[in-house]
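A.B. asks: Below you will find the structure I want to go over with you.
The values are calculated or read from the model by the stated rules, or taken from the named source; none is laboratory data. None of the values given here were measured: they were computed from a predicted structure. Neighbour counts are summed over all protein chains in view; Cβ atoms, including those assigned to glycine, are modelled from backbone coordinates with ideal geometry.
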């Protein structure tokens with residue numbers, strides 16, 4: 001007689017979103033709605049009609065207390081402007097909610113430490129949305145580096161190149177507010193990927209600028225992370241009409257170069273749901289090239305990207321006590337490096353990190 005293993009029923013996590021701008025609307029709601037592991041219960045936004053039209057099964061809240069005082073809500077996704085990440089996450093934790101917090105973790109490392117303490121005290125999961133770990137290009141880079149095909153890495157360069165010559169003043173990211181500017185916007189992604197691949201650097205240098213004439217906050221940066229035998233260069237800019245490589249990696253045995261941007265963001269901005277079999281698949285023309293000593297150049301198909309992997313992991317952490325892939329301690333270190341990058345840029349010198357506690 002054959003016995004079939006019984007499947008464990010999924011208990012969806014009742015979840016609310018604070019904010020329905022680009023982050024809440026494109027990067028979180030589609031995954032909460034599409035996954036069997038989550039139920040999108042409430043959305044706090046002033047864009048009432050837009051939210052109702054997109055997610056009619058979810059209630060639109062007018063006040064934060066409608067979410068915080070709802071005991072049926074187990075988790076809160078914070079996608080408000082960066083300066084509100086700390087107070088909104090703190091309030092959710094204090095009201096017994098698990099928290100998924102959009103990057104950056106906080107606008108200061110001190111606020112980040114307080115959030116970690118609040119989460120520990122309340123015995124709640126605090127997860128930070130570093131979705132670029134689930135980019136297909138980054139998954140490909142991880143695989144190539146792990147394979148040792150490039151030998152010992154000596155130079156690693158990672159770019160987010162954009163061409164946006166006008167600084168739209170209506171957008172809070174372009175206003176002189178805490179946590180605004182491109183370093184707090186794109187820096188967390190690039191820094192996080194570098195830390196995942198190579199660990200803590202020994203030194204940091206940064207050049208952070210306002211490249212556009214009417215800019216009021218930083219819109220361009222270049223960060224150098226110094227390791228014992230290698231260098232990491234992280235760049236982002238808004239006046240790059242001809243984009244360079246997304247990744248350029250050079251080692252003792254060869255190089256890997258990859259152009260193009262992970263397709264998930266464009267699909268989400270276009271209103272697509274992450275449910276198709278081809279979700280996260282890169283176009284062939286954007287496949288990277290591996291060029292190693294003694295071998296012909298090889299086109300490397302890009303791994304499929306999958307932001308849903310983040311949400312699956314958070315669900316397992318909350319329901320089944322599994323380890324978070326993105327821990328708040330990692331996110332805190334990220335913010336600390338952003339603070340040191342600003343300091344380095346102001347001082348125009350390399351900062352030795354060997355004697356600095358990044359935790």
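A.B. asks: If a residue has to be modelled with pLDDT of 95 or more and more than 17 Å from residue 133 (Cα to Cα) to count, how many in the range 274-292 make the cut?
C.D. replies: Taking the range 274-292 as the starting set, the residues that turn out to be modelled with pLDDT of 95 or more are 274, 279-292.
Next, from what is left, pick out any that are more than 17 Å from residue 133 (Cα to Cα): 283-292.
The total comes to 10.
Quick grid of which residues meet (1) assigned by TED's automatic domain parsing to the domain that holds residue 198; (2) modelled with pLDDT under 95; (3) part of a helix (DSSP H, G or I); (4) at positive phi:
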{"position": "77", "(1), (2), (3), (4)": "no, no, no, no"}
{"position": "84", "(1), (2), (3), (4)": "no, no, yes, no"}
{"position": "88", "(1), (2), (3), (4)": "no, no, yes, no"}
{"position": "91", "(1), (2), (3), (4)": "no, no, yes, no"}
{"position": "96", "(1), (2), (3), (4)": "no, no, no, yes"}
{"position": "101", "(1), (2), (3), (4)": "no, no, no, no"}
{"position": "113", "(1), (2), (3), (4)": "no, no, yes, no"}
{"position": "117", "(1), (2), (3), (4)": "no, no, yes, no"}
{"position": "143", "(1), (2), (3), (4)": "yes, no, yes, no"}
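A.B. asks: Additional query: Output the residue which, of all residues in the range 28-46 that are touching a strand residue (DSSP E or B) at 6+ places or on another chain (Cβ under 7 Å) and part of a helix (DSSP H, G or I), is surrounded by the most Cβ atoms within 10 Å (Cβ to Cβ). Let's see the steps before the verdict.
C.D. replies: At the first step, the residues of the range 28-46 found to be touching a strand residue (DSSP E or B) at 6+ places or on another chain (Cβ under 7 Å) are 28-29, 32-33, 37-45.
Filter once more, so that each one left must be part of a helix (DSSP H, G or I): 28-29, 32-33.
On the way: 28: 28, 29: 24, 32: 25, 33: 18.
Filtering the range 28-46 for residues that are touching a strand residue (DSSP E or B) at 6+ places or on another chain (Cβ under 7 Å) and part of a helix (DSSP H, G or I), the one surrounded by the most Cβ atoms within 10 Å (Cβ to Cβ) comes out as 28.
A.B. asks: Right, another one. Out of the residues in the range 158-168 that are more than 18 Å from the chain's Cα centre (by Cα) and either surrounded by 13 or more Cβ atoms within 10 Å (Cβ to Cβ) or not assigned by TED's automatic domain parsing to the domain that holds residue 230 (or both), which is nearest to residue 132 (Cα to Cα)? Before the answer, list the steps.
C.D. replies: So in the range 158-168, the residues more than 18 Å from the chain's Cα centre (by Cα) come out as 163-168.
Among the residues that remain, those that are also either surrounded by 13 or more Cβ atoms within 10 Å (Cβ to Cβ) or not assigned by TED's automatic domain parsing to the domain that holds residue 230 (or both) are: 164, 167.
Working: 164: 21, 167: 24 Å.
It comes out as 164.
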